[in-house]
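Readers should treat all values here as calculations from the given coordinates under stated rules, not as data from a laboratory. All of these numbers come straight from a predicted model, not from anything done at the bench. Please note: Cβ atoms are built from the backbone with ideal geometry, for glycine as well, and neighbour counts cover all protein chains shown.
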Amino acid sequence: MDKKINLMFEQILAQANLFGACSEDLINQCKSIINKNNLSKKIRKIFITGCGDSYFAGLALRGFFKRNTGIHTEVWQALEFSRYICPYEVKDDSLVISISSSGKVARTIEGVIRANQCGAFTVAITSDAESKLAKVSKGKINISIPDSIGLVPGTQSYHASLLSLYVLAMSLGLENGCIDKETFNKLILNLEKAGDSIRSTAEVNISLVKKYVKAYYSEDSTSKVDMIHVLGSGPNWGTAQFASMKFLESAGFDCVPQGIEEWAHSQYFTTRPGVHTILIVPNGESRYRAMEIMEAISVQDGKKIVIGEDDDIELRRSADIYFPIFDFKGFDEDLSPLVFAIPIEILSMFLSEQLGRIGFGFDEKPWLKEENFRQIYHSKIERMREV
């Protein structure tokens, strides 16, 4: 495999060890922020914001925050939050969680500056404790990611953001009485066990995904794919968005992320031979609806690519291609984003290799990198006007 493909796969495998390596430190950081600033008593509303994968991590954890803290939680893209939500809805009893692994994303930094103007308590989740985002925030959660990853589409950083959000929600819920110590300890144990599921899922799916990509994306394929739809709901609406980002970043392959229900109102009409629909289906609230949608995909002569639990025989039989999730039995759907993203990450990796479009396209057109970084890191930051 290409060097950058190897780097991406190393990230995927490393995710299995991420929480075990940082769990104690992460718990201590979250508890310290909550207790030092009396957040369990003063917070009445939570906002989570970021760009790209950071935003998608927030989407994946929105329900988890509400259920485990008892506090109303909203997730917004950084621009929407900064310019349209912050001036009117953020108050001094708000907790604003801003996510950026680099800590350099201009719009996310702007959102923190504006939230501070509103009197909110701001927390940065970042892998750079000395970044501008960390410095402008009132609190910071730093999670270390190895520097040797290289400039490849990020997967470890996404999982680091997910883990930080899980622990922050659980810690806040424990302190304000929404969950008890037994529930907290069980959730921590499940986060640690998720590493086993990530590892076994990656090991099994690497050959399955490679075979699928060769069959449908190679030049000599008789049934090539010209469009991908990725469907997910609940915590995996964020996973569907993340999938779209990885296909774009890794392989330059455009696709449409959609909610499971909304597919019936939209992408149903463009599903045809050559369109593959990836459905992310844990054993949860949207599983039965996903089964109904799969029938409609067949009616439209599309292909059903399903990511589901290994022992879900009914779901497996209904799929055209099945990527199994291992060692997930007994886990709550809330934790599924940690593991159900793994086949997607592997798919984006092999799709990149098959199409010969390795990571962002910066090697072929170096000016793309300069312009992309200018847009993300060097956009003008504007303080909030009086309203």
Projected-area average for region 196-356 over all orientations - Cα convex hull basis, square nanometres: 8.3
Residues whose placed amide H lies under 5 Å from that of residue 75, excluding near-sequence neighbours: 48
Quarter of Cα convex hull surface for region 3-179, i.e. mean projection, nm²: 9.2
Percentage of interatomic Cα-Cα distances in region 138-275 larger than 21 Å: 61
Fewest-first sequence of 255, 178 by Cβ atoms within 10 Å of each Cβ: 178, 255
Mean-position separation - Cα centroids, region 308-340 and region 179-213, in angstrom: 11
Percentage relative contact order, region 74-163, counting C-alpha pairs under 8 Å, at least six apart: 25
Contour excess over end-to-end distance, with Cα ends at residue 45 and residue 135 and 0.36 nm allotted per residue: 30.1 nm
Angle in degrees between helix 3-36 and the longest Cα principal axis of the chain, rounded to the nearest 10: 30
Once the Cα gyration tensor of the chain is diagonalised, semi-axes √(5λ) in Å: 34, 24, 20
Percent RCO, i.e. relative contact order, over region 268-353, from Cα pairs under 8 Å lying at least 6 residues apart: 27
Centre separation in Å (Cα based) which lies between region 255-281 and region 77-149: 33
In degrees, nearest ten, helix 106-117 long axis to first principal axis of the chain (Cα): 30
Relative contact order (percent, whole number), the chain, Cα cutoff 8 Å, 6+ residue spacing: 20
0 to 90° range, to nearest 10: angle between helix 156-176 axis and the chain longest Cα axis: 50
